[in-house]
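The values are calculated or read from the model by the stated rules, or taken from the named source; none is laboratory data. The structure displayed is predicted, hence computed values, not measured ones. Here the Cβ is made from the backbone with ideal geometry for all residues, glycine too, and neighbour counts use every protein chain on show.
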Amino acid sequence: MSAGSLRILMVSPVPTDPPDAGNRVRIMTLAQGLIQAGHEVHFAYIPLEPYDLVAMQSRYGSTRVHVLNAVPPRPGPLARMARKLGRFLNIERAFMWRLDDWYSAAANAELAALHAQHRYDVVFAEYVFASKALEALPPDCLRVLDTHDCFGLRHRAYLKAGMRPQWFSTSLEEEERGFRRADIVLAIQASEARDFATRVAGSSTRVLQVGHLIDMPVSSNPSARQAAVFVGSGNPINTTGARHFIDNVLPIVRRAKPGFELLLAGAVSNEIEAQPGIVRLGFVPQLADAFDAAMIAINPVRAGTGINIKLLDAMAAGMPIVTTRSGARGLDAYFERAFCVADDDDAQSFADSILRLLDDAALRRQFAEAARAAAQEWNSEQVAALATALASHVPQAAKGEKKILMPSI
């Protein structure tokens, strides 16, 4: 390693490859940013989901990908039945997990062995439910928790939206216990950073906002085809949003523009039935191909927490965009400047914004340029925040040297 660079271990229950979901892309771009800054990144994968080992070895180097043997624990049939019954009876604790329920303590022995071999300067744990990994390395190693989202009482947001809670939710107290395992907690949006900072006040843990680092592609070349593209994974939030758009917004647009089409890209297309006006593109290896196929991009999701990565990707591509308010969460500073915003349940407003963009090439160009500029501005802010986090732990040999800890992306 060069003087001033850091040896970093990223511990994650989510793989970076294939990068076919927003959380995978978040971890991938964070790792890429660190590598581009000259740091040596090792990736320790806790096998929770299917993954592409060859692609990850190509990304990090064959000797820097470590698939752990410790498998996350799974509840037995009686525990699953009890949780299912509790949810049916709307007992709140049935929707929550203890902080370490999804983490195998045996993983820490493997991580400690990796540290003994490689002597890491910094360890990142992805997600609060993997925060116990931070305890595997000694105190002189900078411990960073990349939260991705607020998981304290997260299930309530789903229930409020009339949806079945997904993935992980825990109590506020358990989440805060995870925060305090870290020297630095990364929040993905400003409101979460403020909330987390209040909740760890009085401890040695610092909170920084570092949102999604966008891979800035060449600007898209939107098609003359009167179509809108929605890129998303097959999770319930994306599926519910797409169905709401199809049932409530699409008919309004097609009454005015009978040839208008909705293009669905990514796994969300597998969840939607074939019908007139809908084109299911399926998995698209290059996002640019999806964006280039349509005149505008949309984000119709009506729930969720954290930053909406699919919106940032569309902004980076320089697409004219119409989004719901929930779809633009965490990006309030760019409302109506970098994209058009409609209230979640206002189908008419969403349709009107689409029709306005379809009919006005100059307006499309204005929003496309503003979206691209906003994405570049966003990236600069996130890179600066991450550099601040790492600046506190430059190796002693590099003290006094001028070192660019993070590049502009």
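Miscellaneous remarks
- Meets criteria (within 24 Å of ASP149 (Cα to Cα) and under 26 Å from the mean Cα position of the chain (by Cα)) for PRO300: yes
- Taken over segment 59-94, the criterion of being closer than 21 Å to SER5 by Cβ and either out of contact with any strand residue (DSSP E or B) (no Cβ under 6 Å at 6 or more places or on another chain) or β-branched (Val, Ile, Thr) (or both) is satisfied by ARG59, GLY61, SER62, THR63, VAL65.
- Restricting attention to segment 358-386, the residues that are surrounded by 22 or more Cβ atoms within 10 Å (Cβ to Cβ) and in contact with a strand residue (DSSP E or B) (Cβ under 7 Å, 6 or more places away or on another chain) total 2.
- Strands (runs of 3 or more DSSP E) contained in segment 258-324 and holding at least 1 residues in the same structural domain as GLY232 (by TED's automatic domain parsing) and surrounded by 21 or more Cβ atoms within 10 Å (Cβ to Cβ): 261-265, 296-299, 321-324
- Single residue of segment 1-25 satisfying the filter (of a type outside the set (A, V, I, L, M) and out of contact with any Asp or Glu (no Cβ under 8 Å at 6 or more places or on another chain)) that is farthest from TYR127 (Cα to Cα): SER2
- Residue list for segment 64-84, restricted to those being closer than 13 Å to TRP97 by Cβ and not aliphatic (A, V, I, L, M): PRO72, PRO73, ARG74, PRO75, ARG80, ARG83
So that you can scan it fast, the table gives a plain yes or no per residue for (1) in contact with a helix residue (DSSP H, G or I) (Cβ under 7 Å, 6 or more places away or on another chain); (2) buried (at least 16 other Cβ atoms within 10 Å of the Cβ); (3) in the same structural domain as ALA112 (by TED's automatic domain parsing); (4) not polar (S, T, N, Q):
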{"position": "SER171", "(1), (2), (3), (4)": "no, yes, yes, no"}
{"position": "GLU176", "(1), (2), (3), (4)": "yes, yes, yes, yes"}
{"position": "ARG181", "(1), (2), (3), (4)": "yes, yes, yes, yes"}
{"position": "ALA187", "(1), (2), (3), (4)": "yes, yes, yes, yes"}
{"position": "THR239", "(1), (2), (3), (4)": "yes, yes, no, no"}
{"position": "LEU250", "(1), (2), (3), (4)": "no, yes, no, yes"}
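- Among the residues making up segment 283-305, those that are at pLDDT below 90 and touching a strand residue (DSSP E or B) at 6+ places or on another chain (Cβ under 9 Å) are PHE283, VAL284, LEU287, ASP289, ARG302.
- Residue count for segment 227-257, restricted to those that are touching an Asp or Glu at 6+ places or on another chain (Cβ under 7 Å), in contact (Cβ under 8 Å) with a residue 40 or more places away in the chain and assigned to a loop (DSSP other than H, G, I, E, B): 1
- Restricting segment 110-166 to residues that are in contact with a His (Cβ under 8 Å, 6 or more places away or on another chain) and assigned to a helix (DSSP H, G or I), the residue that is nearest to ALA70 (Cα to Cα): GLU110
- Checked across segment 258-277, the condition of being in contact with a Leu (Cβ under 6 Å, 6 or more places away or on another chain) and touching a residue at least 60 places away in the same chain (Cβ under 8 Å) holds for no residue.
- Positions within segment 127-155 being over 24 Å from ALA116 (Cα atoms) and among the acidic types (Asp, Glu), in sequence order: ASP149
- Exactly one residue among ASP100, ASP121 is closer than 26 Å to GLY38 by Cα and of a type in the set (Asp, Glu), and that residue is ASP121.
- Every residue from segment 10-27 that is touching a Pro at 6+ places or on another chain (Cβ under 7 Å), buried (at least 21 other Cβ atoms within 10 Å of the Cβ) and either without any contact (Cβ under 8 Å) to a residue 60 or more places away in the chain or charged (D, E, K, R) (or both): none
- Residues within segment 345-366 that are under 14 Å from ALA256 (Cα atoms) and not hydroxyl-bearing (Ser, Thr, Tyr), tallied: 10
- Residue within segment 309-319 that is β-branched (Val, Ile, Thr) and more than 15 Å from the chain's Cα centre (by Cα) present: no
- Identity of the residue in segment 31-52, within 23 Å of PHE129 (Cβ to Cβ) and of a type in the set (A, V, I, L, M), that ends up surrounded by the most Cβ atoms within 10 Å (Cβ to Cβ): ILE46
- PRO19, sole failed condition from (1) in contact with a Phe, Trp or Tyr (Cβ under 7 Å, 6 or more places away or on another chain); (2) of a type outside the set (Phe, Trp, Tyr); (3) under 27 Å from ASN299 (Cβ atoms): (1)
- Among the residues making up segment 189-226, those that are in contact with a helix residue (DSSP H, G or I) (Cβ under 7 Å, 6 or more places away or on another chain), at pLDDT 90 or above and in a loop (DSSP other than H, G, I, E, B) are VAL200, THR205, GLN226.
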